[in-house]
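The block underneath contains the structure these notes are about, expressed in C-alpha cells.
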Amino acid sequence: MAQHDRILIIDFGSQLTQLIARRLREAGVYCEIWPYHAAQEARIRAFGPRGIILSGGPASVTEGESPRAPDAVFTMGLPVLGICYGQQTMCAQLGGRVEAGHHREFGRAFVEVIGECALFAGVWPRGAREQVWMSHGDRVTALPPGFRAVAATEGAPFAAIADDERRFYGVQFHPEVVHTPHGAALLRNFALAICGCRGDWTMGAYRAEAVARIRDQVGRGRVVCGLSGGVDSAVTAVLVHEAVGDQLTCIYVDHGLMRAGETEQVLRTFRDRFNIRLVHRDASDRFLAALAGVTDPEAKRKTIGRLFIEVFEEEQAKLGGAEFLAQGTLYPDVIESVSATGGPSATIKSHHNVGGLPEGMRLQLVEPLRELFKDEVRALGRELGLPEEIVGRHPFPGPGLAIRIPGEVTREKADLLRQVDRIFLEEIRAAGLYDAIWQAFAVLLPVRTVGVMGDGRSYDHACALRAVTSTDGMTADVYPFDMGFLTRVAGRIVNEVRGINRVTYDITSKPPGTIEWE
Ligand code: XMP
C-alpha cells in the first residue's frame, strides 16, 4: 500500500493543535498529533515523518519543569516548525533565550516582514505588513546560533525566525487559526515546499486504502455495525460494505426517539440504495417502558445506553454471531491529549455515543475512520456517494429526543415533539439556513400555559426552539434568526400541532448553557 508523506505534530497542550492538523490535511498531507512525552526517537523514526511541527501550549519555557521537545527532533535532519510555545522551547533548547512576558499579546496583531524565507515564499513579500493572531505571554529575546529574524511585531522582535540551513523555523503567532489569513498558506509552504511532501493524501486515496485495510483485517470474517443514521456510522457502514459486501450486517436499533422520517430514511438509504444487509429492530416499546418514571437526564442516558446494548446483542446473537464490530470512532476521540497543566498525564477521551462497544461481546473492532476528522468523514461520505441529507446532517445525540423532553418521556410527548421539530427543520431548510447552523431542534417543555384558540381557552404544552452555530460543539453561539422567520415558524407550530400553544426561542450561548437541554 502506498505510504503517504507525513508530518508529525508534537503537542504541548494547546487548544489549537488540532487546527494545525486540519490545515495540513487540507493541503493533502497526512499528519498525526502525539503528546510531547510520547515522541521518543525510535517511535518517530518508525513513523517516518518528512517534517515536525511543535505546537503551542499553556506552559512557560522559563519554568523549570516545563515540557521540552525530545532532542532527537533537532538531530534527525528533518525540517522543524515551532509555533508559539513550540518556537520558544526550540529556541531555549538550541541556545537562545526566552523571557517571561511583560509584553503579553493576545488577539489580532500585525507583523512586519523583514526578511525572505522559504516559509513565506509566494505568500508574504519582504516589507509587507501582515495580519496574524497572537496569544502569548513569554517571548524569545535572543536567537540561537544560525537563526535570523524574518518578521517582527512591536511586542515580539522575533515574531518569525528562520535557520534556512537546518530548515528550522519558528513563529510566535498562530498560523493555524483563520485570524491569521495567510496562515494556511504558510503551513502549506512548510509541508510541501520545505518538507517536500507531495500533498497526495486525498479522500479518493483514503477510500481505496481503507477498503484494502478492512479486507486485510476481516478476511472471511463476519462484521456487525450499529447504524444510527448519523454521519459516522453511515460512512463506516458504506465503507465496510464496499470492502466486504454481505459479510457485513448492520443493525439499526430503533429506540422510538428518532426524529420524524429518520427511520424510513435509514432503511431507504442503506437497504434500498446501497443493498446493505440491514436488521431493523423496532424496540420502542421496550425503551419507552424502561423510561417510564425516569426524569433525571443521566438516568435517561444510562437506561437508553444499557438497553441499546442489550437489544444490539440480541440481534447479533440471532445472526449467529460475528467476529468483528465496525464502529465510527473518529480521530478526535483517539488523540491522546496533553493535560491542561502540561503535565505528563495522558487521557484518552471516551466515545460517549449510545452504541459504544458492548463490553462483554469480545468482538474485534474495525474502525476505519480512526484517522479522520469530522469534515474529512463528510468528504469521504460524499466520495462514497452517500446522499447530502445524511452527509451534511446536523449532529443528533445518541439518546435522541429523550434528552429534549425534560421530565418523563412518553410516546405521546415524543410524537408531539417530532411534529414541532419537523416544522422547524422544514422552515430552516426552506430558508436555505440548514448548512449555516450547527444544530437546530425543538424541546418539549414540561409546562402548560394558557392560550386562546378561536373563541376558546387552551391549556397546552409550551415548546422551545434551539439553533446554534459551533465548530466542534464545545462552545456555541445562538443563531440570530430574524423575527419574521421565528414568528412564521411559531405560527405554523401552534396552528399545525395540536397540543402546543406557545413557542419560545432559546437565546443562551454555550457556555454557560449547553446545546442540549439535558
Ligand atoms: P451539550 O449539550 O453537552 O452537547 O452542549 C454537545 C454536543 O454533544 C451532543 N450530545 C450527545 N451526543 N450522546 C450523544 O451521542 C449524548 O448523551 C449527548 N449529549 C449531548 C449534543 O447534541 C451536541 O452536539
Per-region count, segment 140-192, residues of a type in the set (Ser, Thr, Tyr) and at pLDDT 95 or above: 2
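Does Pro406 satisfy the condition of being more than 25 Å from Asp285 (Cβ to Cβ), within 16 Å of the ligand (Cβ to nearest atom) and either of a type outside the set (Phe, Trp, Tyr) or in contact with a Lys or Arg (Cβ under 6 Å, 6 or more places away or on another chain) (or both)?
When the stated conditions are applied, Pro406 does not pass them.
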Every residue from segment 121-136 that is surrounded by fewer than 14 Cβ atoms within 10 Å (Cβ to Cβ) and in contact (Cβ under 8 Å) with a residue 24 or more places away in the chain: Gly122
Among residues of segment 283-296, those that are open to solvent by 40 Å² or more (accessible area, probe 1.4 Å) and touching a helix residue (DSSP H, G or I) at 6+ places or on another chain (Cβ under 8 Å), counted: 1
Subset of segment 63-103 (residues that are over 33 Å from the mean Cα position of the chain (by Cα) and assigned to a helix (DSSP H, G or I)): Ala92, Gln93
Only one of Ala27, Ala118, Ala39 that is touching a residue at least 60 places away in the same chain (Cβ under 8 Å) and within 30 Å of Lys374 (Cβ to Cβ): Ala27
Residue tally, condition within 12 Å of the chain's Cα centre (by Cα) and surrounded by fewer than 19 Cβ atoms within 10 Å (Cβ to Cβ), over segment 374-395: 3
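Quick grid of which residues meet (1) assigned to a loop (DSSP other than H, G, I, E, B); (2) open to solvent by 10 Å² or more (accessible area, probe 1.4 Å):
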residue: Ile9; (1), (2): no, no
residue: Ser14; (1), (2): yes, yes
residue: Gln18; (1), (2): no, yes
residue: Arg22; (1), (2): no, yes
residue: Arg25; (1), (2): no, yes
residue: His37; (1), (2): no, yes
residue: Arg43; (1), (2): no, yes
residue: Ile53; (1), (2): no, no
residue: Pro58; (1), (2): yes, yes
Enumeration of residues in segment 286-342 that are among the polar types (S, T, N, Q) and free of Cβ contacts under 8 Å to residues at least 40 places away in the same chain: Thr303
Segment 454-475 residues that are without any contact (Cβ under 8 Å) to a residue 12 or more places away in the chain and open to solvent by less than 30 Å² (accessible area, probe 1.4 Å), paired with ones that are of a type in the set (Phe, Trp, Tyr) and within 12 Å of the ligand (Cβ to nearest atom) (beta carbon under 7 Å, 6 or more apart): none
Members of segment 417-476 that are in a strand (DSSP E or B), modelled with pLDDT under 95 and within 13 Å of the ligand (Cβ to nearest atom): Ala476
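Taking Leu433 as the residue in question, decide whether it is of a type in the set (A, V, I, L, M, F, W, C) and either more than 22 Å from Thr236 (Cα to Cα) or open to solvent by 40 Å² or more (accessible area, probe 1.4 Å) (or both). Step through it out loud before you land on a result.
Working: of a type in the set (A, V, I, L, M, F, W, C): yes; either more than 22 Å from Thr236 (Cα to Cα) or open to solvent by 40 Å² or more (accessible area, probe 1.4 Å) (or both): yes.
Yes: the conditions hold for Leu433.
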Filter result for Met90 (open to solvent by less than 40 Å² (accessible area, probe 1.4 Å) and in contact with a Lys or Arg (Cβ under 9 Å, 6 or more places away or on another chain)): no
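Scan segment 307-332 residue by residue and report those that are in a helix (DSSP H, G or I) and more than 13 Å from the ligand (Cβ to nearest atom). Write out each step before concluding.
Of segment 307-332, the ones in a helix (DSSP H, G or I) are 307-318, 331-332.
Listed by number, the residues that qualify are Leu307, Ile309, Glu310, Val311, Phe312, Glu313, Glu314, Glu315, Gln316, Ala317, Lys318, Tyr331.
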Per-region count, segment 396-430, residues open to solvent by 10 Å² or more (accessible area, probe 1.4 Å) and touching a Cys at 6+ places or on another chain (Cβ under 7 Å): 0
Where a residue in segment 204-220 is under 24 Å from Arg25 (Cβ atoms) and its partner, wherever it lies, is at pLDDT 95 or above and open to solvent by 30 Å² or more (accessible area, probe 1.4 Å), with Cβ under 7 Å and at least six apart: Gly204/Glu383; Arg207/Glu383; Val211/Glu242
Test: Pro406 is farther than 30 Å from Tyr331 by Cα, touching a residue at least 40 places away in the same chain (Cβ under 8 Å) and not acidic (Asp, Glu): yes
Leading residue by the ranking (nearest to the ligand (Cβ to nearest atom)) among those in segment 477-518 that are open to solvent by less than 20 Å² (accessible area, probe 1.4 Å) and among the β-branched types (Val, Ile, Thr): Ile515
Single condition Trp124 does not satisfy, out of (1) touching an Asp or Glu at 6+ places or on another chain (Cβ under 6 Å); (2) part of a strand (DSSP E or B): (2)
Condition met for Leu357 (within 15 Å of the ligand (Cβ to nearest atom) and modelled with pLDDT of 95 or more): no
Among the residues listed as Glu116, Glu165, Glu154, the single one being in contact with a Lys or Arg (Cβ under 8 Å, 6 or more places away or on another chain) and charged (D, E, K, R): Glu116
Failed condition for Ser60, given (1) in contact (Cβ under 8 Å) with a residue 40 or more places away in the chain; (2) within 22 Å of Glu209 (Cβ to Cβ): (2)
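The values are calculated or read from the model by the stated rules, or taken from the named source; none is laboratory data. Since the model is a prediction, treat every value here as computed from it, not as a measurement. All Cβ positions, even for glycine, are placed from backbone atoms using ideal geometry, and neighbour counts span all protein chains on display. To get the accessible areas, we keep the full protein, side chains included, count just its heavy atoms, and leave off ligands, DNA and RNA. Shrake-Rupley method; radii C 1.70, N 1.55, O 1.52, S 1.80 Å.
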